[in-house]
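The values are calculated or read from the model by the stated rules, or taken from the named source; none is laboratory data. Quick caveat, the model's predicted, so the values are computed rather than measured. Using ideal geometry, Cβ is built from the backbone for each residue, glycine included, and neighbour counts are taken over all protein chains shown. What goes into the accessible areas is simple: the full protein's heavy atoms, side chains included, and nothing from ligands, DNA or RNA. Shrake-Rupley method; radii C 1.70, N 1.55, O 1.52, S 1.80 Å.
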Amino acid sequence: MARPVFLLACALALLASSLASAAVVEHSLYVKNLTVQPLCQDQVVTAANGSLPGPTIRVREGDALVVHVFNESPHNLTIHWHGIFQLLSGWADGAEYVTQCPILPGNSYTYRFNITGQGGTLWWHAHSKWLRATVYGALIIRPRRGNSYPFRKPCREFPILLGEWWSADVIAVEGEALASGGAPNISDAYTINGRPGDLYSCSSSTYKLTVVQGKTYLLRIINAALNNELFFKIVNHNMTVVAVDASYTAPMVTDVVVITPGQTTDVLFTADQLPGAYYMAALPYASAEGVEFDNTTTTGIIVYKNAISSTPEMPDLPAFNDTPTAHRFFSNLTGLVNGPHWQPVPTEISESMFVTFGLGLVACEDNATCSGPLGERLGASMNNASFELPTNLSMLEAFFYDVDGIYTTDFPDQPPLEFDYTNSNNSFNTSIVMTTKSTKAKKLAFNSTVEMVLQNTALIGIENHPIHLHGFNFHVLAQGFGNYNPTSDPEKFNLVNPQTRNTIGVPVGGWAVIRFLANNPGIWFMHCHLDVHLPWGLAMTFEIEDGTTTSTTLPRPPLDLPQC
């Protein structure tokens, strides 16, 4: 009898320790207009708590997070907690018209959710129109008290948020593009922690980071840019990648980080050079040929403590179209097997999907003039279904209350037409480039395992697309160039230690294979994290059925959930 009593006592002690280590962390975000001057002129932007970027939210694994959002801006607003699983708290995911209706100007809403089974760097951002350009901040999940990182403890940690700046009203920039059917104006600068850096005329400031020679630091790098993937380097310093998208990786030494919008990358770097000043820099990885982009570079400065004042050196930066460097970085990452929160790859496949995606054209309205290619409107699609958000009810409410007419569950498992997907000769083939608007979901049984081949197309243009899945992490089994070969490419699958992510940059003119377990009921958004492509329709949703017990069933919506 003594042993069962002892085991019970141990279990109760562990439970008590776990509960004691958890806390309720409460924040308030006041979103309103703010006048700033990163470049040559004053610009009114929408920002949170009077800062750009917004405040960093720090929690520990196991905590409950409560965030009161006060919308004092002139725009509708939601906040998405990018990468948070939202296990049975899909109402808090914050995807506008997908999981909630927007918070109207002058109103507020409180997000409540638990931080379960996650650790590392994530972030929060607006999920309404282009407000994400200025409404964003870091969300850092530290280990439970008493637990440690699976790597050497750094001397200090610093969030590095890479942003994108327009000297214009971004809502107007987006609106003008949608009205004309053409592409939007490109940005004017990139930023590091809200500051453009030394290379821009009229730049207001440069982010500076002071370090001590011989010490090791953790940089939590977040790409909060709207429309550009970025290279990041520190002159004369290597970095060791230890996590991506709040999932630990096997340590990988590199002199360059490649990061798409939506992704996060944690790196250790040691101040192992002579005391002085060293630039960190970010510049675009622009994979689409012949497409205008913001070809500028943002800089910050790493300054060694007690160093004699000196002019920083610039790092040797990659070319903007250096796809080999980008692919080498993305494809060499592997997961940290048996590290915190590691989950093995599920082996039994319930649902197999082959999803083509990319740009396309939507027919111009009668008697209208559209400025997209061939006189049509620019669009985007997945399996030739161009996603359109509802406006009178969120999809999650329609799912919960069984309301018809908001969306359909006929998103196709295969493209409607098989063709040479990455052949640029098909770029303007009118028989396959046209698409139509719809609001479709793919229905999944609870706890089913989904394998998706994500296939880029050459329609309109060929580029790397960052695809983000709300509510889940996925294993990246393989990625490559050209058309996916279902016979030979499965031989390349990494089923042992693949990287785990919530956002993947699918290679330019290529493909990626991901796998995830659909263990969270509700409606979950999957979309391109280039905000220029999202309103054009490069998105779809998953409808995941409730589980068989009350503990795996989506709870009722909060009473204060915003209404359309």
Among (1) at negative phi; (2) modelled with pLDDT of 95 or more, where does D42 come up short?
-> (2)
The condition from (1) at pLDDT 95 or above; (2) assigned to a loop (DSSP other than H, G, I, E, B) that P284 misses is numbered (2)
What residue, among those in the range 124-141 that are under 14 Å from the mean Cα position of the chain (by Cα) and of a type outside the set (A, V, I, L, M), is farthest from L178 (Cα to Cα)?
-> G137
Limited to the range 391-443, what total is found for residues that are within 29 Å of E545 (Cα to Cα), within 29 Å of the chain's Cα centre (by Cα) and hydrophobic (A, V, I, L, M, F, W, C)?
-> 9
Looking at V24, V44, which one is within 30 Å of P143 (Cα to Cα), over 25 Å from the mean Cα position of the chain (by Cα) and open to solvent by 70 Å² or more (accessible area, probe 1.4 Å)?
-> V24
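Can you tell me which residue in the range 322-338 is surrounded by the fewest Cβ atoms within 10 Å (Cβ to Cβ), limited to those that are outside any helix (DSSP H, G or I) and modelled with pLDDT of 95 or more?
Initially, the range 322-338 is screened for residues outside any helix (DSSP H, G or I), giving 322, 333-338.
From what is left, the residues that are modelled with pLDDT of 95 or more are 322, 333-337.
Working: D322: 17, L333: 21, T334: 17, G335: 24, L336: 20, V337: 12.
The residue in question is V337.
Hey, among E376, E348, which residue is closer than 30 Å to E61 by Cα, in contact (Cβ under 8 Å) with a residue 24 or more places away in the chain and among the acidic types (D, E)?
E348
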In the range 481-494, how many residues are open to solvent by 20 Å² or more (accessible area, probe 1.4 Å), touching a strand residue (DSSP E or B) at 6+ places or on another chain (Cβ under 7 Å), of a type outside the set (S, T, N, Q) and more than 24 Å from N228 (Cα to Cα)?
-> 3
Identify, please: which residue in the range 532-544 is buried (at least 24 other Cβ atoms within 10 Å of the Cβ) and in contact with a Leu (Cβ under 9 Å, 6 or more places away or on another chain) and is, among those, farthest from T356 (Cα to Cα)?
-> I544
Please indicate, with yes or no, whether at least one residue in the range 349-360 is β-branched (V, I, T) and in a loop (DSSP other than H, G, I, E, B).
-> yes
Odd one out for D198, checked against (1) closer than 23 Å to T56 by Cα; (2) in contact with a strand residue (DSSP E or B) (Cβ under 9 Å, 6 or more places away or on another chain) | (1)
Has the range 466-480 got at least one residue that is surrounded by 23 or more Cβ atoms within 10 Å (Cβ to Cβ), in a strand (DSSP E or B) and touching a Cys at 6+ places or on another chain (Cβ under 9 Å)?
-> yes
Checked the range 452-498 for anything of a type in the set (G, A, S) and in contact with a Lys or Arg (Cβ under 8 Å, 6 or more places away or on another chain); matches are A478, G480
Which of the residues belonging to the range 421-463 are within 28 Å of G375 (Cβ to Cβ), assigned to a loop (DSSP other than H, G, I, E, B) and open to solvent by 70 Å² or more (accessible area, probe 1.4 Å)?
-> F428, T430, S431
Open to solvent by 10 Å² or more (accessible area, probe 1.4 Å), part of a loop (DSSP other than H, G, I, E, B), among the aliphatic types (A, V, I, L, M) and over 17 Å from E229 (Cα atoms), is that true of L374?
-> no
Only one of these conditions is not met by D272: (1) modelled with pLDDT under 95; (2) open to solvent by 20 Å² or more (accessible area, probe 1.4 Å). Which number is it?
-> (1)
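Evaluate the range 517-526: report whether one residue or more is open to solvent by less than 10 Å² (accessible area, probe 1.4 Å) and closer than 21 Å to F419 by Cα.
Among the residues of the range 517-526, not one is open to solvent by less than 10 Å² (accessible area, probe 1.4 Å) and closer than 21 Å to F419 by Cα, which makes the answer no.
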Got at least one residue in the range 523-533 being farther than 19 Å from A95 by Cβ, modelled with pLDDT of 95 or more and not aliphatic (A, V, I, L, M)?
-> no
Single unsatisfied condition, F493 versus (1) within 18 Å of the chain's Cα centre (by Cα); (2) closer than 30 Å to G339 by Cα; (3) not polar (S, T, N, Q) = (1)
May I ask you to verify whether W165 is in the same structural domain as M239 (by the TED database) and more than 16 Å from L29 (Cβ to Cβ)?
-> yes
Would you pick out the residues in the range 386-442 that are closer than 18 Å to W536 by Cβ and acidic (D, E)?
-> E388
Does the range 55-71 contain any residue that is closer than 25 Å to V170 by Cα and small (G, A, S)?
-> no
Flag for G194 being touching a Gly at 6+ places or on another chain (Cβ under 7 Å) and open to solvent by 10 Å² or more (accessible area, probe 1.4 Å) | yes
